[in-house]
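A.B. asks: Input: one structure, supplied below.
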Amino acid sequence: MRVPSLPRPRSLAGQLFAMQAVLIAVVVAGYALFTYVSDRRQAEDAAGRQAAAVARSVADSPSVREAIRTPDPTAALQPYALRVMRDTEVDFVTIMNPEGIRWTHPNEDEIGERFLGHTERALRGETFTETYTGTLGPSVRAVTPVEAGNGDGDDDGRVVGLVSAGIRVEAISRRVQGQLTALLGVAAGALVLGAVGTYVINARLRRHTHGMNAAELSRMHDYHQAALHAVREGLLMLDGQYRVALINDGGRELLGVSDDVVGRSVAELGLPAPLTGALLASEPRVDEVHLTADRVLVVNTSPVSGGERRGTVVTLRDVTELQSLMGELDSERGFTQALRSQAHEAANRLHTVVSLIELGRAEEAVAFATAELELAQALTDQVVAAVSEPVLAALLLGKTAQANERGVELEVSKDSRLDDGLLPADLPSRDLVTILGNLIDNAVDAAQGGVPARVTVAAYTEGGELVLRVSDTGAGVDESHADLVFQRGFSTKPAAGPGGRGLGLALVRQAVHRHGGGLTVTKAPGGGARFEVRLPLRTAAVPGGDA
């Protein structure tokens with residue numbers, strides 16, 4: 001049995017549209033009702049003022065006073081009242097005696113009948129208005145007295161008649177309905193215009209929210225926050241102006257920035273120039289290796305576009321340990337190749353010794369074997385005597401074999417002296433291998449193919465510092481490149497693939513500055529380049545540093 005699916009909740013844009021449409025309709029309807037009530041009241045007030053003005057004009061007319069004195073007032077007053085009704089657009093003008101007996105009426109059958117309404121205030125000489133239902137239906141009427149006022153003073157102020165003028169409520173309603181029709185037209189236009197504007201705005205909102213409702217947006221926000229804090233890799237989002245729009249905890253840690261970087265430009269974060277350039281680049285970057293003060297990072301950038309550049313998404317991976325292990329692996333691989341070569345040479349020499357013995361030349365075989373052993377032992381003794389620190393001694397022996405395989409002579413300077421146990425615990429052997437190993441590799445590359453092809457290594461302590469100096473007989477370093485050689489990616493040799501060259505010296509400088517040391521490059525006395533590293537022996541490692 002198939003369970004019917006529940007209807008999907010209306011999207012946030014749809015909810016806003018419905019709410020705004022209802023709100024506009026309520027506002028317009030309320031305004032229309034208020035205007036209608038207000039206009040009706042104003043129309044009734046205006047009708048009352050009009051009726052009072054007409055009634056006073058009739059009551060003040062001398063011809064009316066004269067007609068009242070005649071034996072048959074109706075004969076003169078009825079035509080006059082009908083003419084006033086037509087000229088002033090009122091529905092009735094009734095002239096009556098003080099007792100309320102009509103002399104005039106729009107319906108002649110009502111003449112002589114008693115006036116339906118109040119007359120007490122008018123008999124006291126007061127003009128007033130009221131809404132009353134008479135023979136013509138509900139009407140807004142005014143009642144005013146007709147005073148004698150013949151000028152002789154005897155009858156002045158005496159009420160000799162009453163005048164009532166009125167406008168039917170039905171006529172007032174027709175006037176208001178005409179205004180209401182126009183008002184409803186304007187209100188309908190406002191409602192349509194508001195609905196169209198609301199629809200356009202909500203259509204744009206619907207595109208930005210991808211049609212999701214409020215619950216979905218809230219759930220996505222929760223997932224977004226959880227993912228940002230759960231991902232250990234660094235995540236950095238830049239807006240179209242290359243300002244930091246978002247950064248997770250891993251990104252702050254890997255870049256070494258504070259919590260208030262959101263909204264700041266990438267150029268203001270104090271990152272190394274190559275890394276800043278990669279983040280500011282408009283084209284995507286894939287698996288680029290960059291160095292910070294104490295880390296090796298793999299950087300990937302991807303532009304976010306939707307018809308226009310909206311920003312950049314940057315991912316950061318920490319490969320510091322991996323890079324160090326790769327360096328050690330390269331050294332081990334080099335040692336293996338050197339041992340393989342030495343094993344091949346040893347086999348050749350052993351065959352030579354065996355052949356000499358088979359030829360009956362035992363003394364020559366012993367002399368040949370002894371000379372080879374003395375040569376190998378002399379090299380080992382020379383290195384160990386100069387540098388008894390086991391890690392550096394092993395490194396120098398291995399690098400010597402590698403250099404010999406490439407036709408380069410590697411020698412340890414006579415002024416080298418580094419006893420075992422001299423190096424402090426806060427100067428790990430891994431960093432020493434990184435520093436000295438990369439300097440020797442760089443020097444062997446520079447000296448290879450030259451005449452002579454020689455690399456000289458010196459390691460000693462001086463003034464509370466460990467001094468490591470590597471010189472070569474290569475082409476040297478141009479003075480204009482003295483600062484560039486330590487930047488990632490710089491090399492005078494052809495590139496050996498992404499990240500293959502231009503990283504060793506950058507790693508050296510990173511390690512040196514991490515331990516508060518100094519690194520310089522000068523011209524060697526016999527030509528070539530001389531790199532010198534000075535590391536403090538009794539100071540704690542300092543964080544950061546220029547990379």
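A.B. asks: With the contact rule set at Cα under 8 Å and sequence spacing of 6 or more, what percent relative contact order holds for segment 79-162?
C.D. replies: 21
A.B. asks: May I pose another question? State the extension gain, in nm to one decimal, for the chain segment bounded by Ser63 and Tyr31, taking 0.36 nm per residue of separation less the distance between their alpha-carbons.
C.D. replies: Here the segment from Ser63 to Tyr31 would lengthen by 6.7 nm.
A.B. asks: If we sort 135-148, 53-66 on the protection proxy, mean other Cβ atoms within 10 Å, highest first, what's the order?
C.D. replies: Per-residue mean Cβ counts within 10 Å order the peptides as 135-148, 53-66.
A.B. asks: With a Förster radius of 30 Å, plug the Cβ-Cβ distance of Thr370 and Asp426 into 1/(1 + (r/R0)^6) and report the FRET value to the nearest 0.05.
C.D. replies: Efficiency, from the Cβ-Cβ distance: 0.10.
A.B. asks: While we're here: If R0 is 35 Å, what FRET efficiency do you get for Asn300 and Val451 from their C-beta distance, rounded to 0.05?
C.D. replies: E between Asn300 and Val451, to the nearest 0.05, is 0.20.
A.B. asks: With a 1.4 Å probe and every protein chain kept in, tell me what percent of the accessible surface of segment 223-288 is carbon plus sulfur.
C.D. replies: 53
A.B. asks: Arg454's amide H: which non-local residues (gap 5+, or another chain) put their own amide H closer than 5 Å, with H modeled 1.01 Å from N in plane and none for Pro or chain starts?
C.D. replies: Glu409, Thr473
A.B. asks: So how do 529-536, 406-413 stack up, highest first, on mean other-Cβ count within 10 Å?
C.D. replies: Highest-to-lowest ranking by the protection proxy: 529-536, 406-413.
A.B. asks: Starting from 0.36 nm per residue, how many nanometres of slack lie between Arg232 and Thr352 once their C-alpha separation is accounted for?
C.D. replies: 37.2 nm
A.B. asks: Okay, moving on. Which Rg and Dmax, in Å, describe the Cα atoms of segment 50-123?
C.D. replies: For segment 50-123, the Cα-based Rg and Dmax read 11.5, 31 Å.
A.B. asks: So, R0 is 22 Å and r is the distance between the beta-carbons of Asp249 and Ser218; what FRET efficiency does that work out to, to 0.05?
C.D. replies: Approximately 0.50, to the nearest 0.05.
The values are calculated or read from the model by the stated rules, or taken from the named source; none is laboratory data. Just so it is clear, the structure is predicted and the values come from calculations on it, not from any experiment. Cβ: placed from backbone, ideal geometry, glycine included. Neighbour counts: every protein chain shown. When the accessible area is computed, the model is the full protein with side chains, heavy atoms only, and any ligands, DNA or RNA have been set aside. Shrake-Rupley method; radii C 1.70, N 1.55, O 1.52, S 1.80 Å.
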